[in-house]
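To start, the structure under review is shown below, and the notes come after it.
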């Protein structure tokens, strides 16, 4: 049984998954960079959520729920409504299509992101693997 998405428990479960998944470790071995995921209120989510993930060479060094960005300068900032991010987590919306149609907005180097599509897609696979019930 997995924690409800999105919750601090879900984020910690993702952290553990990223650090124990051999496939992710291999595919993401060259990835260097942290990211912030901003989930904007929509549907069942009433308040904005901000998640920080420090991803480095196939491992997740840190996750944190933030109240605000407070001067952080992550490699990427991903922003989506709760409805769109939930669709990605449930497999109803392809993450790359979501980026191209701006349902998932990306601040950061799109060139780096595109050179690392397998890493991005495997990260999403890990997210989906730990997503059971949606809020």
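Derivation of every value follows stated rules applied to the coordinates shown; laboratory data play no part. Only a predicted model underlies this, so the values are computations on that prediction, with no experimental measurement involved. Note that each Cβ is placed from the backbone with ideal geometry, even for glycine, and that neighbours are counted across all protein chains shown.
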Among the listed residues 55, 93, which satisfies the condition of being touching a strand residue (DSSP E or B) at 6+ places or on another chain (Cβ under 7 Å) and buried (at least 18 other Cβ atoms within 10 Å of the Cβ)?
55
Could you list all residues from the range 37-48 that are surrounded by fewer than 19 Cβ atoms within 10 Å (Cβ to Cβ) and in contact with a strand residue (DSSP E or B) (Cβ under 9 Å, 6 or more places away or on another chain)?
38, 40, 41, 42, 43, 44, 45, 48
Residue 117 versus (1) more than 21 Å from residue 24 (Cα to Cα); (2) without any contact (Cβ under 8 Å) to a residue 24 or more places away in the chain; (3) touching a helix residue (DSSP H, G or I) at 6+ places or on another chain (Cβ under 8 Å): which is the lone unmet condition?
(1)
Conditions (1) surrounded by fewer than 13 Cβ atoms within 10 Å (Cβ to Cβ); (2) within 14 Å of the chain's Cα centre (by Cα); (3) more than 18 Å from residue 126 (Cα to Cα) -> residue 62 fails only (3)
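State which residue is farthest from the chain's Cα centre (by Cα) when the search covers only the range 65-83 and only residues that are without any contact (Cβ under 8 Å) to a residue 40 or more places away in the chain and closer than 25 Å to residue 46 by Cβ.
70
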Taking the range 1-36 and keeping only residues that are in a helix (DSSP H, G or I), closer than 19 Å to residue 113 by Cα and either without any contact (Cβ under 8 Å) to a residue 40 or more places away in the chain or touching a strand residue (DSSP E or B) at 6+ places or on another chain (Cβ under 8 Å) (or both), one is left with 18, 25, 26
